[in-house]
Amino acid sequence: MSIHVKNNIHWVGQRDWEVRDFHGTEYKTHKGTSYNSYLIREGKNVLIDTVDHKFSREFVQNLAAEIDLASIDYVVINHAEEDHAGALTELMARIPGTPIYCTHNAIDSITGHHHHPEWNFQPVKTGDSLDIGNGKQLVFIETPMLHWPDSMMTYMTEDAVLFSNDAFGQHYCDEHLFNDEVDQTELMEQCQRYYANILTPFSPLVTAKIKEVLGFNLPVSMVATSHGIVWREDPTQIILKYLEWADHYQEDRITLFYDSMSNNTRMMADAIAQGIHEVDPGVAVKIFNVARHDKNEILTQVFRSKGVLVGSSTMNNVMMPKVAGMLEEITGLRFRNKRAAAFGSYGWTGGAVDRIQTRLMDAGFDISISLKTKWRPDGSALAECREHGRQLARQWALHPLEAPRPITTTAVTAAPVVVAQASQAAASAASTLDDDQSMLCVVCQWVYDPALGEPDQLVAPGTPWAQVPDSFLCPGCGIGKEVFEPCGAEACV
Ligand code: FEO
């Protein structure tokens, strides 16, 4: 089935609703993808790009229903990767002498994949054009390393359509073809995910190439990508977005990711995040366990962030493997203009934190001081984590922060009080409590019952709250005694 794009241009591509892995298993395509191929019928018939090799037969069959294959005058291949040039073997078996317009580099990669050096390759470079009749031309623009050495774009004059291949695309499958027809939030999420995970390393080239293309002063009525939607409404919006993303992009956002053997490093992450939030409530803070979360989403969050905190338990004197894998990926993506620091819990050596710190420095981050905690953090260690978070929040602030304000909690009393005062108030209040008074953690609603104690922390049954040690941590959320208040008549039911 073809879809009308504009004038004599039709989409003849393939939707792939079920694909979940791209580039091996490195890119998770939760929203599927599409392989966009375009058929132009002017004085000459031109096919721009094909589809993924796994749809070769379907593609050629559908194309043959659309046009007599022998009447295709030219094939243009903007990029040789298998998701776009993959159906060439099947297609060229039917039209073997048809000229294939591509870059010099693409001849090498197409031949390397398909092993047909006899195909009628017509190499082009930036500024070369091809007359397709009816007063229209195709103009070629090389885009090396965006994202392969062979990549190029093709611009169609008069119709003013830019066939951009991977650039400005998304792994996003929808029955609608045009940007104004789909969910805008989903669309931009997928655009940003695509940029962050694939194009970030090439940001300097993105800026230079877009400026070069804009310098041609060509009108652009549509950007016809090879994945996802066609930009029809305000097509320059995605070009401007790319310029923004390529320019050391960051938001007022901090990402923490970690892996944790015994939950101790997770507790540190939570406490550091609390400290950041206390000092700078406007900053977005996101926390991820790398072992449990979508890697591409974490990388997208890193892309959006001004700073990154990376945590790991120490295992065999090194960091946990999934953290090491993420750092390798982050190094390859070459993020710039971002701060970073390491943290983690350890038992007898703390090698992981030092190694993470070194890797972050090697990856080009502006490094801040790291933080280690021995064994399971107690109340005092968690307080140190919170203070660490406060310091980082001040150091990484993008805007002047208000003078330190009292850190308030309505949990302890109805009126705001500073934490230190809260602790004193809690201690003094505890001394007046009945021995059988239950206590509610106002953060997670866990209840301390003196009759049961908390044997996991060596608090024996029958221990009144006033005698529970200050190092006590809520088993539910890991925060200390200061967030507990006496159970009211109904509060602990
Ligand atoms: Fe670089 Fe969509 O392939």
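The values are calculated or read from the model by the stated rules, or taken from the named source; none is laboratory data. None of the values given here were measured: they were computed from a predicted structure. We place every Cβ from the backbone using ideal geometry, glycine too, and count neighbours over all the protein chains shown. Just the protein is used for accessible areas: all its heavy atoms, side chains included, with ligands, DNA and RNA removed. Shrake-Rupley method; radii C 1.70, N 1.55, O 1.52, S 1.80 Å.
Averaging 1/r over every pair of different alpha carbons in region 131-274 and inverting the result gives a Kirkwood radius of 17.2 Å. Within the chain, the ratio Rg/Rh, alpha carbon atoms throughout and Rh by Kirkwood, equals 1.13. Ellipticity at 222 nm from helices only: DSSP H runs of n ≥ 4 in the chain, each -39500 (n - 2.57), divided by the residue count, give -9500 deg cm²/dmol.
The dipole here belongs to the chain: it is taken about the Cα centre, uses +1 on the Cβ of Lys and Arg and -1 on the Cβ of Asp and Glu, and is about 1120 debye. One-quarter of the Cα convex hull surface for region 245-384, in nm²? Mean shadow area of the hull around the Cα atoms is 7.7 nm². Peptides 58-65, 199-206, 18-25, 372-379 ranked from most to least packed by the mean count of surrounding Cβ atoms within 10 Å: 199-206, 372-379, 58-65, 18-25. The share of accessible area on the chain that comes from carbon and sulfur is 51 percent, using a 1.4 angstrom probe. When peptides 138-148, 209-219 are ranked by their average number of other Cβ atoms within 10 Å per residue, the highest-first order is 138-148, 209-219.
Which of Lys28/Lys209; Lys209/Lys241; Lys286/Lys322 have a Cα-Cα distance over 20 Å? Distance filter (> 20 Å) returns Lys28/Lys209.
Across region 205-294, C-alpha contacts under 8 Å between residues 6 or more apart give a mean separation that, scaled by the residue count, equals a relative contact order of 25 percent.
For region 91-176, the direction-averaged projected area of the alpha-carbon convex hull comes to 7.3 nm². As a length-normalised measure over Cα pairs under 8 Å and 6 or more apart, the relative contact order of region 41-90 settles at 57 percent. Volume per residue for region 259-342 equals 95 cubic angstrom (convex hull of Cα atoms). All alpha carbon pair distances within region 1-160 were sorted into 10 Å bins beginning at 0; the resulting P(r) in whole percents reads 11, 41, 38, 10, 0.
Bridges between two residues of the chain, per DSSP, are antiparallel at a rate of about 50%.
When the surface is traced with a 1.4 Å probe over the full set of protein chains, Lys28 keeps roughly 70 Å² accessible. For the peptides 346-353, 274-281, residues were scored by their other Cβ atoms within 10 Å and the scores averaged per peptide; the highest-first order is 274-281, 346-353.
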